[in-house]
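A quick write-up on the structure given underneath.
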Amino acid sequence: MTANDLKKFLAFGTGVGIEIGDDDLRVVIARVRPAGATVLGWTTIAGFRQRPASEWGAEYVEFLHQHGAGYLAALALLPRRGVIVRHLNFPGVAGKDLGAAIGFQIDSLHPFGEGEAQHAWAKLSGTSDILIGIARRDAIERYAELFSEAGVKVASISFSAAVLYSGLRLFGSAPGGGVLAFA
């Protein structure tokens, strides 16, 4: 059994994703099994910024319950324009030292003041490459507060590049011809 076979065999779960748009939230519920991923349902919550959080939050919760997913916490995707994505290469840096190496460079990777940025990173498997997402701390805190006020359980907040990378590798390696995606 190869590593990819093992990944496929262990691929079980159901999740909720929320894409934060300019005016709308796009919500998707998906189930992953060894045979593949299935979209169980999707909806658009229109005008969430102009509506009371309790109103659109109730709409979201009702959608989850209709699909038997009321127990799930969501992965929320920040708007692309609110995230700086950097790709760095750290050849020769041991895995345990990557956090410190990134920490030495992080302030040079964004225009925000000290303490105004929040970042997360992931090592791209099989390479010495790192994908870093940087966003304004206050923007993330505003979204977390807004979702909390609406009664929307959020497990994590991420950005589209990280999710695309993870999704493409869920069932093995990326397509040979490459991928073009717009967010």
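The values are calculated or read from the model by the stated rules, or taken from the named source; none is laboratory data. These numbers come from a predicted model, not from an experiment. Glycine also receives a Cβ, built like all others from the backbone with ideal geometry; neighbour counts cover every protein chain displayed. The accessibility values were calculated without ligands, DNA or RNA, using every heavy atom of the protein model including side chains. Shrake-Rupley method; radii C 1.70, N 1.55, O 1.52, S 1.80 Å.
For a test of the definition: using alpha carbon positions, the gyration tensor, and the 1.5 limit on a/c, classify segment 13-83 as rounded, prolate or oblate. Verdict is oblate for segment 13-83. With the cut-off at 1.5 for a/c, could you classify segment 70-136 from its C-alpha gyration tensor as rounded, prolate or oblate? The shape class here is oblate.
Once you have a ≥ b ≥ c as the square roots of the Cα gyration tensor eigenvalues for segment 44-86, tell me rounded if a/c is under 1.5, and otherwise prolate or oblate according to whether a/b is larger than b/c. Oblate shape, in that a/c is at least 1.5 and b/c is the bigger or equal ratio. Look at the alpha carbon pairs under 8 Å that are at least 6 residues apart: their mean separation over the length of segment 1-121 gives a relative contact order of 21 percent.
The solvent-accessible area of VAL16, taken with every protein chain present and a 1.4 Å probe, is close to 10 Å².
Accessible area of GLU116 (1.4 Å probe, protein heavy atoms only, ligands and nucleic acids ignored): about 80 Å². Charged neighbours of ALA117, selected by a Cβ distance under 11 Å, balance to -2 (K, R count +1; D, E count -1). When the residues SER54, SER156 are ordered by accessible surface, computed with a 1.4 Å probe over the protein chains alone, the sequence from largest down reads SER54, SER156.
In segment 1-153, the inverse of the mean reciprocal separation of distinct Cα atoms equals 18.0 Å; this is its Kirkwood hydrodynamic radius.
At a probe radius of 1.4 angstrom, the accessible area of segment 4-121 per residue rounds to 58 square angstrom.
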